[in-house]
Amino acid sequence: MIPLRRYWPVAASALAVVALQVVLSLGNATYYMTQITMSAYYALVVIGLCLLMGYAGQVSLGHAGFFAIGGYTVAYMTTVNLLAYRDVPLVRWLQSLHIVVQWQNLYGAEVLSFSPWPAFIAALLLTGLISLLIGVPVIRLKGHYLAMATLGFGLIIYRIVLGTKSLGQADGISNVPPFHLLPWLEVNGRAPFRVQNYYIAWVAVLLAMVLAINLVHSRVGRALRSIHQNEEAAHSLGVNTYRYKLAVFILSALFAAVGGALMTHYNGSIGPSEVTVMKSVRYVAIVAIGGMANLWGAMIAAILLNFLSLRGVFGTFDDAVFGAILIAIMLFAPQGLLRMPKWHAVASAGRASALALQRVVRGRTTDTRRPHG
């Protein structure tokens, strides 16, 4: 039987999300939902990275690259104009299956491109394939060697994005159409869709949290914890450490790709600023703040810090602030600022203190009742 208490934070978070939406709507401050929604999509990257760092013990400085792969794939596929090839049998066949659709962009021009759903699936497949090809050789590395290898991957993606004309180079890709999840539900950043997209983003985050919680409390999660504590000992006990680390690496990359794809449809564009090294450093810093193996702490830190950043609180020192935070956390709070206490240990200590106090009281009572010579 699955213990339901591990899902209480999910239910509490859902109630908090609804309460926040009501407060913002009543206070005519729904414009805050734009930054909260974007922060939620960034949180998907952080949740996946928390699994990789906190449970598999692998540090990645290339997850901004996976975010960009998801975003740029859907952006390119949904904006590339196939109108000149509409008479080609393959294009006509894809159009009959609604994989390729015709629509009008913001300027009223006719565009024949891939539908968002096939583009989204293609983005996940491409991310999974690239993360597999990267992970097979890289995941065997440890410590700073792994970090440097993933950093190199992130730099490669950045240079590809910046130098490829079809990807917009420094300007990125704009005019990305909304993502119609259902006929009445779409990922769209326009003001009339703020509340709807606020809930779409939070549903994605909470589903990711449920998936991560189930993984952590499964047999796989126990294997990952043993790998993180002592990889050699886990391997000697028969745990396939390489397979588990590779699987979590791919899963975390898919989380980042989902966030990148949804963010691109929400903003209607994506640019090379999402692929910079500092973006990857920011994700690592947020995981460190929340706690390396603390999914809820990482998620809360991702929402708060990204919201403050998107609101311009840090100004032009945005990257410097996250770099300084990462250094400070590593020096003074390696377990994270939002590391959740082990409540069962707290409860045990409380019970022990109560029993000790009870013994002291009983001893004093016995002394007062004992007759004095």
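Confirm whether VAL195 is modelled with pLDDT of 95 or more and surrounded by fewer than 20 Cβ atoms within 10 Å (Cβ to Cβ).
No; evaluated as a whole, the condition is false for this residue.
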Given (1) modelled with pLDDT of 90 or more; (2) outside the structural domain of ILE69 (by TED's automatic domain parsing), where does PHE307 come up short, assuming only one miss?
(2)
Under 6 Å between Cβ atoms, at least 6 apart or on separate chains: pull out the pairs that start in the stretch 230-242 with a residue that is hydroxyl-bearing (Ser, Thr, Tyr) and end on any residue that is assigned to a helix (DSSP H, G or I).
THR241/ILE227; THR241/GLU231; THR241/ALA234; THR241/HIS235
Looking only at the stretch 181-213, which residues are assigned to a helix (DSSP H, G or I), of a type outside the set (A, V, I, L, M, F, W, C) and touching a residue at least 60 places away in the same chain (Cβ under 8 Å)?
ARG194, ASN197, TYR198, TYR199
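Given the condition modelled with pLDDT of 70 or more, assigned by TED's automatic domain parsing to the domain that holds LEU206 and over 19 Å from the mean Cα position of the chain (by Cα), answer yes or no: does some residue in the stretch 285-294 qualify?
Looking through the stretch 285-294, none of the residues is modelled with pLDDT of 70 or more, assigned by TED's automatic domain parsing to the domain that holds LEU206 and over 19 Å from the mean Cα position of the chain (by Cα).
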Has the stretch 178-188 got any residue that is surrounded by 15 or more Cβ atoms within 10 Å (Cβ to Cβ), out of contact with any strand residue (DSSP E or B) (no Cβ under 6 Å at 6 or more places or on another chain) and modelled with pLDDT of 90 or more?
yes
Selection from the stretch 149-167 of residues that are under 21 Å from the mean Cα position of the chain (by Cα) and either under 17 Å from THR264 (Cβ atoms) or of a type outside the set (Gly, Ala, Ser) (or both):
THR150, LEU151, PHE153, LEU155, ILE157, TYR158
Is it the case that the stretch 113-130 has a residue that's of a type outside the set (Lys, Arg), in a loop (DSSP other than H, G, I, E, B) and either surrounded by fewer than 18 Cβ atoms within 10 Å (Cβ to Cβ) or in contact with a Pro (Cβ under 7 Å, 6 or more places away or on another chain) (or both)?
no
Taking first residues from the stretch 85-110 that are under 18 Å from SER269 (Cα atoms) and second residues anywhere that are among the aliphatic types (A, V, I, L, M), the pairs with Cβ under 6 Å that are 6 or more apart or on different chains are TRP103/VAL111; ASN105/VAL111
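Results for (1) more than 30 Å from LEU112 (Cβ to Cβ); (2) in contact with a Gly (Cβ under 8 Å, 6 or more places away or on another chain), shown as yes or no for each residue.
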residue: PRO9; (1), (2): yes, no
residue: ILE36; (1), (2): yes, no
residue: LEU52; (1), (2): yes, no
residue: ALA64; (1), (2): yes, yes
residue: THR79; (1), (2): no, no
residue: ASP87; (1), (2): no, no
residue: ARG92; (1), (2): no, no
Being touching a residue at least 24 places away in the same chain (Cβ under 8 Å) and not in a helix (DSSP H, G or I) is the filter here; which residues of the stretch 131-141 pass it?
ILE139, ARG140
Within the stretch 55-66, restricting attention to residues that are touching a Leu at 6+ places or on another chain (Cβ under 9 Å) and outside any loop (DSSP other than H, G, I, E, B), which residue is modelled with the lowest pLDDT?
TYR55
Are any residues in the stretch 228-266 at pLDDT below 80 and not hydrophobic (A, V, I, L, M, F, W, C), and if so, which ones?
HIS228, GLN229, ASN230, GLU231, GLU232, HIS235, SER236, GLY238
When GLU110 is run through (1) over 30 Å from HIS235 (Cβ atoms); (2) charged (D, E, K, R); (3) assigned by TED's automatic domain parsing to the domain that holds ASN230, the failure sits at (3)
List every residue pair whose Cβ atoms sit under 8 Å apart, with the two residues 6 or more apart in sequence or on different chains, where the first one lies in the stretch 214-229 and is farther than 15 Å from LEU295 by Cα and the second, anywhere, is exposed (fewer than 14 other Cβ atoms within 10 Å of the Cβ) and of a type in the set (A, V, I, L, M).
SER226/ALA233; SER226/LEU237
I'd like the full set of residues that are among the aliphatic types (A, V, I, L, M) and either under 16 Å from the mean Cα position of the chain (by Cα) or part of a helix (DSSP H, G or I) (or both), limited to the stretch 67-86.
ALA68, ILE69, VAL74, ALA75, MET77, LEU83, ALA84
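The values are calculated or read from the model by the stated rules, or taken from the named source; none is laboratory data. Nothing here was measured: the structure is a model prediction, and the numbers come from that model. Note that each Cβ is placed from the backbone with ideal geometry, even for glycine, and that neighbours are counted across all protein chains shown.
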